[in-house]
Every structure is written in C-alpha cells, then in structure tokens.
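Here's the structure, in structure tokens; my notes come after.
The values are calculated or read from the model by the stated rules, or taken from the named source; none is laboratory data. These numbers were taken from a predicted model, which means no experiment stands behind them. Quick reminder, even Gly has a Cβ in these numbers, built from the backbone with ideal geometry, and neighbours come from all protein chains shown. Side chains are part of the model used for accessible areas, which takes the heavy atoms of the whole protein and leaves out ligands, DNA and RNA. Shrake-Rupley method; radii C 1.70, N 1.55, O 1.52, S 1.80 Å.
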Amino acid sequence: MYKRSLFVLLAAVALLSLGAQNSQAQSFLMNLPRPSQRAELVQRIGITDITISYHRPLVNGRKIWGGLVPYGQVWRAGANENTTIEFTSPVSIEGKPLAQGIYGVHMIPGENEWTVIFSKMAVAWGSFSYDQAEDALRVTVKPQPTDMHEALTYDFDDLRADSSVVTLRWEKTAVPFKVAVNLNETVEASLRNQFRGLLQYTWMGWDDAATYLVDKKGNLQDALKYVDRSIQSEDRFDNQMTKARVLEALGQKDEATAVRNKALDTGTVIQVHSYGRQMMIAGHQQQGLEAFQVNIKKDPNNWIVHSEIARTAVSKGDYDTAVKEMKLCLAGAPDPQKPQIQGLLKRVEAKEDINK
C-alpha cells in the first residue's frame, strides 16, 4: 500500500513539475478526459500505411509561436506523450531516406525555418527527455501562413500515387513535409512476401502480380516468371493474354503474337469479344477487328458475333450490312442487353461510326 501511494505521489509531482494541472496528473493514472484530446490519422500511399498519433492542444487565446512554444527549442509537435508517426515500408522525407518503423516526432520552430525530427525513441513523454543521439532523421522545412486553427491538427495534403505532404497546422502557422514511397520497389518486395502464403497456389494471384508489373512498367523479368507460374497453376485465356503483353513489353514481338493467337483460338466468344473491344477502346482498331475475325470464323451465328460483323462492316463504310447484322444481334440478345444494342442500331442507321 505504501509503495502504491508513493508511486501515485511521485507521478503527480512529476506531471505538476512539467506545468500540468492537477486534473492532468489524475488522467495520467486513470482514464479521464484530457484538455488536449488524442487523435489518430491514417493514410495509405500505394500499399504503405502512414499512421500519425498525437494529442491536440487548443490555442485558448494564448500566444503560441515564440510564446507557449519557444523558437529554437525542441518541441513535442503536439501535447502529452510523444507524437508518433509509423511507416509500414521504407519512405523518403523531403527526399531523404527513412526506414520502416515507428518514430517520435519533434520539431524545432523558427520564424523562417523549422526542423522536423524523427526520433527512434517513440514512447517518451513529450520532448522532455529528448536525446539528439536517438535521431533517425532531421529535415528542414519552411513554415507557411494558414487559416486559424484553434486545435492543433495534422493533415495529408497533395495526395498522389506515390507521395503526400504531411502538414501540421496550429494557430495561423502550417508546417509541411513531403513523404514519398518508391512505389514499384515497395510493391515488388510486397509481392515476393505475399507469394510465400496461400496466394502461391492460385493462378489469379500470379496473374494479378504480372499484370500490375506490366501495367506499371515494373520488373518485366519478374512479370514473366509470375505469369508462367500462373499458367503452370491453371492454363487460361486470361494469363495467356497477360503473357503476350509481357513478351511484347520485353520486345519479343513474335513470341507475343504466337501466345496471343493461341489464347484467342482457345478463348470463349465473350473473352475474345471483350479483348477486341478493349483494343478498339484503346485506339487499336485493327487489333480489335482481327480478334473479331476469330469469333466470326468459329461461331458466326452467335448474337455477339453479329455485332462484331456489324462493327467490321462499319469499318469498311458498309452501313447496309451493319444495320442488317445489328438487327440480328438485337433479335438474339438477352433482354438485359437489348437497350444497349438498340442504341447501337440507331447509331448505325444514322451512319455513325460505332467503333470510335
């Protein structure tokens, strides 16, 4: 009993010596409301999660900069326990590398320049025990004027695919610092880890990974290995078409054509039609029409194929044939598709190019 009472007394005295009120000393020991309320902010950039945990002091009519928060001294960048920031992968801060992990955030305010500090110590109380030897990184940034913010806040601004600007705002001052990730490097490392789990046994996981890499111009050799693993797991139209894309990106055009033709020969009418339309929408009309020819030879009486014959006729300016074929398409189409086909028929009757 004596030891517990002594601990309570010492904890309260320690907080009071830091300028805390008696109610704050109580909230240190019990779950009670605090004047500076806790907040947490999470943002994903690519596949990297960034989490900021902090407490939000209020202005309360006080002079903040150069007053409550002195210039030239290390400040906790919030209130109460350490403000912390966590990165689930390596990042760069203002162009400087920082490893994955949780960091205590401190700042040194200045009238024209601020220092933002990322400390390896993330569980301290404020900046009172701050030790520069524990710094993981320091960057300097320029403060900016902002609208009045009664409560201190952090925001993620200027969000992009591979970066964002973290901004502290309090009173009428904003302090921004840019966080960026190496998107391809981070994703590629993550893929290698993911394939150590259950995903390694599915054709879809390997195909998705290869598709991502070829879409984003990532590591094409890895993309080829991944799509081959997908085909090994289950040989499908989808992954054969992905392999054709990877080979083409690698400059192996003859091999890509052979793989693509094999996939088109074995694909369903729907699969081949979808590929043909994707090519046309992407501006590769001739490739789309060539895909349609595969369906036209295999199943000329299919309702979908009638639409492909109509599109082929439109490409030659033969609108009479296009109208005839689109009417056959409409007659055989399932009810949910009929409104869309009716719209195409009207456009063909008006001699509009439906391939654009």
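Select the helices (runs of 4 or more DSSP H) contained entirely in region 120-239, then report the ones holding at least 2 residues which are of a type in the set (D, E, K, R) and touching a residue at least 12 places away in the same chain (Cβ under 8 Å).
Working: elements: 183-194, 203-215, 220-233.
Result: 220-233.
Find the residue count for region 127-146, including only residues that are at pLDDT below 95 and either touching a Gly at 6+ places or on another chain (Cβ under 7 Å) or of a type in the set (S, T, N, Q) (or both).
Total satisfying the criteria: 2.
Does residue 309 satisfy the condition of being within 28 Å of residue 257 (Cβ to Cβ) and at pLDDT 95 or above? I'd like the intermediate steps shown before the answer.
On the way: within 28 Å of residue 257 (Cβ to Cβ): yes; at pLDDT 95 or above: yes.
Yes, satisfied.
Suppose we keep only residues that are exposed (fewer than 15 other Cβ atoms within 10 Å of the Cβ) and of a type in the set (Asp, Glu) within region 107-146. Which one would you say is nearest to the chain's Cα centre (by Cα)?
Checked region 107-146; the qualifying residue nearest to the chain's Cα centre (by Cα) is 113.
Open to solvent by 80 Å² or more (accessible area, probe 1.4 Å), modelled with pLDDT of 95 or more and among the polar types (S, T, N, Q), is that true of residue 342?
Details: open to solvent by 80 Å² or more (accessible area, probe 1.4 Å): yes; modelled with pLDDT of 95 or more: yes; among the polar types (S, T, N, Q): yes.
Spelling it out, residue 342 is indeed open to solvent by 80 Å² or more (accessible area, probe 1.4 Å), modelled with pLDDT of 95 or more and among the polar types (S, T, N, Q).
Please give the number of the condition residue 89 fails out of (1) part of a loop (DSSP other than H, G, I, E, B); (2) surrounded by fewer than 16 Cβ atoms within 10 Å (Cβ to Cβ); (3) not charged (D, E, K, R).
Every condition holds for residue 89 apart from (2).
If I ask for residues that are open to solvent by 20 Å² or more (accessible area, probe 1.4 Å) and either part of a strand (DSSP E or B) or among the aromatic types (Phe, Trp, Tyr) (or both), which ones from region 66-83 would you list? Break it down into steps so the answer makes sense when it comes.
The initial filter retains those residues of region 66-83 that are open to solvent by 20 Å² or more (accessible area, probe 1.4 Å), namely 66-68, 70-76, 81.
Once the filter is applied, which keeps residues that are open to solvent by 20 Å² or more (accessible area, probe 1.4 Å) and either part of a strand (DSSP E or B) or among the aromatic types (Phe, Trp, Tyr) (or both), region 66-83 yields 71, 75, 81.
Kindly indicate the residue of region 244-262 that is open to solvent by less than 60 Å² (accessible area, probe 1.4 Å) and either touching a residue at least 40 places away in the same chain (Cβ under 8 Å) or in contact with a helix residue (DSSP H, G or I) (Cβ under 6 Å, 6 or more places away or on another chain) (or both) and also nearest to residue 193 (Cα to Cα) among those meeting that condition.
The selected residue is 246.
Can residue 155 be described as more than 20 Å from the chain's Cα centre (by Cα), acidic (Asp, Glu) and surrounded by 15 or more Cβ atoms within 10 Å (Cβ to Cβ)?
Criteria not met by residue 155.
Go through (1) outside any loop (DSSP other than H, G, I, E, B); (2) at pLDDT 95 or above; (3) over 15 Å from residue 180 (Cα atoms) for residue 97 and report which single condition fails.
For residue 97, the failing item is (3).
In the list 269, 323, 305, 314, which residue meets the criterion of being open to solvent by less than 50 Å² (accessible area, probe 1.4 Å), over 22 Å from residue 211 (Cβ atoms) and in contact (Cβ under 8 Å) with a residue 40 or more places away in the chain?
Numbers: 269 fails: in contact (Cβ under 8 Å) with a residue 40 or more places away in the chain; 323 fails: in contact (Cβ under 8 Å) with a residue 40 or more places away in the chain; 305 fails: in contact (Cβ under 8 Å) with a residue 40 or more places away in the chain.
Of 269, 323, 305, 314, the one residue that is open to solvent by less than 50 Å² (accessible area, probe 1.4 Å), over 22 Å from residue 211 (Cβ atoms) and in contact (Cβ under 8 Å) with a residue 40 or more places away in the chain is 314.
Only one of (1) over 16 Å from residue 279 (Cα atoms); (2) in contact with a helix residue (DSSP H, G or I) (Cβ under 9 Å, 6 or more places away or on another chain) is not met by residue 317, so which one is it?
(2)
Out of 285, 278, report the one residue that is in contact (Cβ under 8 Å) with a residue 40 or more places away in the chain, out of contact with any helix residue (DSSP H, G or I) (no Cβ under 6 Å at 6 or more places or on another chain), closer than 23 Å to residue 214 by Cβ and open to solvent by 40 Å² or more (accessible area, probe 1.4 Å).
Working: 278 fails: in contact (Cβ under 8 Å) with a residue 40 or more places away in the chain.
Testing whether each residue is in contact (Cβ under 8 Å) with a residue 40 or more places away in the chain, out of contact with any helix residue (DSSP H, G or I) (no Cβ under 6 Å at 6 or more places or on another chain), closer than 23 Å to residue 214 by Cβ and open to solvent by 40 Å² or more (accessible area, probe 1.4 Å) leaves just 285.
Condition check ((1) surrounded by fewer than 17 Cβ atoms within 10 Å (Cβ to Cβ); (2) modelled with pLDDT under 95; (3) over 28 Å from residue 255 (Cα atoms)) across all residues:
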position: 148; (1), (2), (3): yes, no, yes
position: 167; (1), (2), (3): no, no, yes
position: 173; (1), (2), (3): no, no, yes
position: 180; (1), (2), (3): no, no, yes
position: 193; (1), (2), (3): yes, yes, yes
position: 223; (1), (2), (3): no, no, no
position: 227; (1), (2), (3): no, no, no
position: 232; (1), (2), (3): yes, no, no
position: 242; (1), (2), (3): no, no, no
